[in-house]
């Protein structure tokens, strides 16, 4: 994502909860769960054209397998942290800018991991609520893909699990990570200035 925007001439700041590549000058190692760290990031940027928040924690458990601590952790990572980022950075989004959340097919269609699905569904309510209160033409939308070929989540699936996802997808093809990046980039461009408050399902027809 960072490289794609960078090649298009944007000044890019990417964040990560992991240790960034030392060669990546535009990757800011920020703790998205820490208010002080977020405030430091906010001071680093003057104006934001596109704010894209991609966070996803999928423990892969059924509800009865979760401890109370694990339930809190999933909602915190997938929903609460997103709200904190918006709260700290929204004033930095310039007029006509775009805020894009990374949701999931699970947020609408459900999942074997009920807690994950519920946490992603929370982004739907967040998207629509923020869109209704939009100021200065700032747009809020949510991408809801199925399993993404090449993602970290994809790498954690077995070959049989991947095949099952493909078989349940009418087009028999998973969304490639590179194509998702292109879609996100395009949606944040000015010619989509009437797209606001929408959940954009990109799942090959698995959920319609």
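Candidates in region 97-119 are the residues that are crowded, with 20+ Cβ neighbours inside 10 Å and assigned to a loop (DSSP other than H, G, I, E, B); of these, the one that is farthest from the chain's Cα centre (by Cα) is 113. Pairing each residue of region 170-189 that is on the phi > 0 side of the Ramachandran plot with any residue that is assigned to a loop (DSSP other than H, G, I, E, B) and at pLDDT 95 or above, provided the two are 6+ apart or on different chains, yields C-beta distances under 9 Å for 172/204.
Just to be sure, is residue 85 in contact with a strand residue (DSSP E or B) (Cβ under 6 Å, 6 or more places away or on another chain), under 21 Å from residue 10 (Cβ atoms), modelled with pLDDT under 95 and surrounded by 20 or more Cβ atoms within 10 Å (Cβ to Cβ)? Lay out the reasoning, then the answer.
Details: in contact with a strand residue (DSSP E or B) (Cβ under 6 Å, 6 or more places away or on another chain): yes; under 21 Å from residue 10 (Cβ atoms): yes; modelled with pLDDT under 95: yes; surrounded by 20 or more Cβ atoms within 10 Å (Cβ to Cβ): yes.
Considered against the rule, which asks whether it is in contact with a strand residue (DSSP E or B) (Cβ under 6 Å, 6 or more places away or on another chain), under 21 Å from residue 10 (Cβ atoms), modelled with pLDDT under 95 and surrounded by 20 or more Cβ atoms within 10 Å (Cβ to Cβ), residue 85 comes out as yes.
Within region 32-76, the residues that satisfy the criterion of being touching a helix residue (DSSP H, G or I) at 6+ places or on another chain (Cβ under 8 Å) and over 26 Å from residue 117 (Cβ atoms) are 35, 38, 39, 41, 42, 45, 46, 47, 48, 50. Only one entry in 56, 150, 60 is at pLDDT below 95, farther than 28 Å from residue 193 by Cβ and touching a strand residue (DSSP E or B) at 6+ places or on another chain (Cβ under 9 Å), namely 150. If I go through region 196-208 residue by residue, how many of them are out of contact with any strand residue (DSSP E or B) (no Cβ under 6 Å at 6 or more places or on another chain) and without any contact (Cβ under 8 Å) to a residue 60 or more places away in the chain? Residues in region 196-208 being out of contact with any strand residue (DSSP E or B) (no Cβ under 6 Å at 6 or more places or on another chain) and without any contact (Cβ under 8 Å) to a residue 60 or more places away in the chain: 3 in total. For residues that are more than 18 Å from the chain's Cα centre (by Cα) and not in a helix (DSSP H, G or I), scanning just region 61-96, find the one that is nearest to residue 139 (Cα to Cα). Once the filter is applied, the top-ranked residue is 96. Looking across region 152-161, the residues that are under 24 Å from residue 121 (Cβ atoms) and either free of Cβ contacts under 8 Å to residues at least 12 places away in the same chain or surrounded by fewer than 15 Cβ atoms within 10 Å (Cβ to Cβ) (or both) come down to 152, 153, 156, 157, 161.
Of 179, 186, 149, all but one fail to be in contact with a helix residue (DSSP H, G or I) (Cβ under 8 Å, 6 or more places away or on another chain) and surrounded by 14 or more Cβ atoms within 10 Å (Cβ to Cβ); the exception is 149.
Take the conditions (1) at pLDDT 80 or above; (2) part of a loop (DSSP other than H, G, I, E, B); (3) surrounded by fewer than 15 Cβ atoms within 10 Å (Cβ to Cβ); residue 25 misses just one of them, which is (1).
The values are calculated or read from the model by the stated rules, or taken from the named source; none is laboratory data. On a predicted model such as this, the values are computed, not experimentally measured, just so you know. Using ideal geometry, Cβ is built from the backbone for each residue, glycine included, and neighbour counts are taken over all protein chains shown.
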